[in-house]
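*Asks:* Structure provided below as structure tokens; questions to follow.
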Amino acid sequence: MSEVRVRFPPSPTGYLHIGGARTAIYNWLFVKKHGGKLILRIEDTDVERSTQESIEGILDGLKWLGIDWDEGPYFQSEYADEHVTASKRLLESGHAYKCFCTKEELEAKREAAAAAKGDYKYDKTCRNLSTDQIAEKEKQGLPYVIRFKVPEEAGGVIFVDKVYGSIERAYADIEDFVIVRSNGKPLYLLSNVVDDIRDRITHIIRGQDGLVNTPRQILIYKALGADIPVFAHMPLTLDLKKAKISKRSHGEIVAVQYYRDNGFIPWALINFLVLLGWSTTDNQEIFSRDELIEVFSLEGINRANSVFNYRKGDPKFFTDPKAININAHYLRTMPIEELAAMVKKEFQAGGLWDEAYDGEKSQWFLKTLDMIRDRFHTLKDFTSLGRAYFADDFTIDEKALKKNVLKYPELKHWLPMFADRLEALPELTPEATEQVARAFAEELGVKPGIPINAARAVITGLIKGPSMFELFALLGKEKVIPRLRDTAKFFEQNN
Ligand code: GLU
């Protein structure tokens, strides 16, 4: 078998969409598995809608995900001449013809068909014009489009899609379609095939919305004498209301960038996106890179549309809960040094970074991340929920404040007293602080949970977390003592 060559050909008319990213991922996995090349081709022939910003966004998105390509980016617009040349070849070989029908004529025919409740298809008026007739019309300077001559014999285009199986489209159902507009510009349908032939693409893995083009594109391949690649179309992704996910109806939530900006780990997003339309027989959900390359196959792509489970406006879920859970899984289990490198970027962007975290406090930094990550879902949680571990300007969780602090007015005296006891210790070890806390609670005649939960609230800002005795030791007197002493401020603020 010749070398596998696949392509990812986005149109640069917006950001990198998660649907587009999924297409890129499937192609990428396919070459990683079988060897071969992934070609990146920017399909920028729609000049009005293509933007430089979008091209950069797509490249950035792929790089962030870690999807590398072997050739390109090629730009479709640079091959415009080849697309025209191909249309000329099709005219010369008798696979295409010039059509001089005017817009008005075609419109009238379309309306007549609609009135008779029939399907409209071009009636081939110009298919059999004589050479003289064509010459005459050209002499008059009449504009024309170029149409593909669909075979008139019985039968149809038959091909086996790797996902949808055998597909047949009768020739009789395919109109003599336009391949070049009257302004001389080739249609996307043609350019796409010409580029795939030049790029020697062996497998076309693309969205199901491409399936309507495939029979016509196969006719072009045949007419140009090229080998027909293998096709694999991926199912659509729908939202809970069964609407196709799109920029217009879902906004930024379908952009890859949104996930980067909301603290996603690139591999977690890949892992989630892969599962939108592909699965193993045992429905495994978490895959390492090597494992995924090993088990991925086009045959595992589902025919059924996949569901992007997202409830608009639910503040608890800023995206599909499964995506969040997969991200949390990686965040909680990945090697701590790798996580630290990602958190570092967040901290640098958020002004929380301290150079000592790379130097004398590096052990402390790793240990802290490791202790707090168990409850976190995204990298953003380290700067928001985890802020108190790294900075003094944190906010206290509303519920923790009400339930564990304000409910007991005595705490404004108790916590400063507790601070004195802790300060008297030579060092805040878990064992020593536990002893002090228990003795202190007994002395007050309250359950140890009362001062301990209150201490957690004023020291970490949160209602839950790792063992408070471990935290006293981790944070040390420097953070623990002043925060306990400052408890009265919450009573004043909430008077
Ligand atoms: N440029 C097309 C798109 O972005 C690609 C279609 C194809 O893969 O053939 O939808």
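*Asks:* Where does the chain land at 222 nm, in deg cm²/dmol rounded to the nearest 500, when only DSSP H runs of n ≥ 4 count, each adding -39500 (n - 2.57), divided by all residues?
*Replies:* Values: 22 runs with 228 residues, N = 495.
Theoretical 222 nm ellipticity from helices: -13500 deg cm²/dmol.
*Asks:* For q = 0.10, 0.18, 0.19 Å⁻¹, what log10 I(q)/I(0) does the stretch 308-464 give under the Debye formula with an equal point scatterer on each alpha carbon and no solvent?
*Replies:* -0.48, -1.17, -1.22
*Asks:* Also, I was wondering about something else. For the stretch 237-372, build the convex hull from the C-alpha positions and give me its volume per residue in Å³. Can you show the working numbers first?
*Replies:* Details: hull volume 18.0 nm³, N = 136.
Taking only Cα atoms, the stretch 237-372 has a hull volume of 132 Å³ per residue.
*Asks:* Could I ask something else about it? Quick check: with the 1.4 Å probe, what order do TYR122, TYR15 take by accessible area, largest first? Let's see the in-between values first.
*Replies:* Details: TYR122 10, TYR15 70 Å².
Putting TYR122, TYR15 in descending order of accessible area: TYR15, TYR122.
*Asks:* Using 5 Å bins from zero, what percent of all Cα-Cα pairs in the stretch 120-236 falls into each bin?
*Replies:* Cα pair-distance distribution for the stretch 120-236, in percent: 2, 10, 18, 21, 19, 14, 8, 4, 3, 1.
*Asks:* What's the Cα-based Rg to Rh of the stretch 182-271, Rh via Kirkwood? Mind dumping the intermediate values first?
*Replies:* On the way: Rg = 17.4 Å, Rh = 16.0 Å.
Computed over Cα atoms, the ratio is 1.09.
*Asks:* Any aspartates and glutamates with Cα under 13 Å of the LYS244 Cα? List them, leaving off those in the same chain fewer than 8 positions away.
*Replies:* Excluding near neighbours in sequence, the set is ASP209.
*Asks:* So, one more: If you consider only alpha-carbon coordinates, what radius of gyration and Dmax does the stretch 39-196 have, in Å?
*Replies:* 19.5, 59
*Asks:* Would you mind putting 248-254, 18-24, 214-220 in packing order, based on average other-beta-carbon counts within 10 Å, highest first? Don't skip to the end; give the middle numbers.
*Replies:* Numbers: 248-254: 15.4, 18-24: 24.0, 214-220: 20.9.
Top to bottom by mean Cβ count within 10 Å: 18-24, 214-220, 248-254.
*Asks:* Give me the log10 of I(q) over I(0) for the stretch 315-391 at q = 0.13, 0.26, 0.27 Å⁻¹, as the Debye formula computes it from C-alpha points; what are the numbers?
*Replies:* Rounded to two decimals, the profile gives -0.37, -1.34, -1.42.
*Asks:* Also: Hey, got the Cα dimensions of the chain along the principal axes, in Å, largest first?
*Replies:* 110, 51, 40
*Asks:* Next question, about the same structure. Could you let me know the centre-to-centre spacing of the stretch 332-362 and the stretch 60-89, using Cα atoms, in angstrom?
*Replies:* When both Cα centres are located, 38 Å separates them.
*Asks:* Please work out whether the stretch 395-474 counts as rounded, prolate or oblate from its C-alpha gyration tensor, where a ≥ b ≥ c are the square roots of the eigenvalues and a/c under 1.5 means rounded, while otherwise a/b larger than b/c means prolate and anything else oblate? List each step's numbers first, then the result.
*Replies:* On the way: a/c = 1.86, a/b = 1.27, b/c = 1.47.
Since a/c reaches 1.5 but b/c is at least a/b, the shape of the stretch 395-474 is classed as oblate.
*Asks:* How big is the stretch 1-130 in terms of Cα radius of gyration and Dmax, in angstroms?
*Replies:* Gyration radius and largest Cα-Cα distance of the stretch 1-130: 20.6, 57 Å.
*Asks:* Which of the lysines could a cross-linker span from LYS121 if the Cα-Cα distance has to be under 19 Å and same-chain partners fewer than 8 positions apart are dropped?
*Replies:* The qualifying lysines are LYS98, LYS103, LYS109, LYS149.
*Asks:* Using a Cα-Cα cut-off of under 23 Å, which lysines could be cross-linked to LYS412, ignoring same-chain neighbours fewer than 8 residues away?
*Replies:* LYS399, LYS402, LYS403, LYS447, LYS464, LYS477, LYS479, LYS489
*Asks:* Over the chain, with the other protein chains present, what is the accessible area per residue in square angstrom, probe 1.4 angstrom? Present the calculation step by step, with values, prior to reporting the outcome.
*Replies:* Working: 24600 Å² over 495 residues.
That works out to 50 Å² for each residue.
*Asks:* Between GLU338 and LYS402, what is the label-to-label distance in nm when each label sits 7 Å out along the Cα-to-Cβ direction?
*Replies:* The two pseudo-label positions are separated by 4.1 nm.
The values are calculated or read from the model by the stated rules, or taken from the named source; none is laboratory data. As the structure is a prediction and not an experimental result, all values here were calculated from the model. As a convention, Cβ positions derive from the backbone with ideal geometry for all residues, glycine included, and neighbour counts pool all protein chains shown. These area figures cover heavy atoms from the full protein model, side chains too; ligands, DNA and RNA do not enter into them. Shrake-Rupley method; radii C 1.70, N 1.55, O 1.52, S 1.80 Å.
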